[in-house]
Amino acid sequence: MPLATAKSKETKNDEVCVWTNTYGKGRVFGTTIGHYNEELADPVFLDMLTQGLLWACDKPVDYYLKPFYHAKTKFRWQQSIETKEPPKAGK
């Protein structure tokens with residue numbers, strides 16, 4: 001089942017980029033988003049990925065996914081502007 005689409009730079013068409021499926025008794029969550037470090041570090045992407053994985057594992061999202069409070073974490077994400085390196089956790 002398609003959940004989200006995005007306009008392709010190549011074809012200029014809307015292409016499915018987030019979807020779910022079932023396979024026998026299993027659940028499948030898939031996405032083609034995440035090719036760039038900026039996407040992988042985006043809280044919206046991480047939330048979608050977490051919820052999709054919880055759904056695929058048949059775990060209740062409300063039970064396992066707790067609100068994230070930036071002020072309470074010891075980590076701060078820093079994106080390198082000069083390189084395409086992934087974000088680094090720092091204190």
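None of the figures in this text is laboratory data; all of them are computed from the coordinates on show. These numbers were taken from a predicted model, which means no experiment stands behind them. All Cβ positions, glycine included, derive from the backbone under ideal geometry; neighbour counts span all protein chains shown.
Quick notes on this one:
- Sorting 17, 57 from the fewest to the most surrounding beta carbons within 10 angstrom yields 57, 17.
- Counting neighbouring Cβ atoms within 10 Å and putting the fewest first, the residues 7, 25 line up as 25, 7.
- Simple spin-label estimate for residue 38 and residue 6 in nanometres, 7 Å along Cα-Cβ: 1.1
- Taking a ≥ b ≥ c as the square roots of the eigenvalues of the Cα gyration tensor, an a/c ratio of 1.5 or more together with a/b no larger than b/c marks region 4-55 as oblate.
- Inter-label distance for residue 58 and residue 23, nm, one decimal - labels placed 7 Å from Cα along Cα-to-Cβ: 1.6
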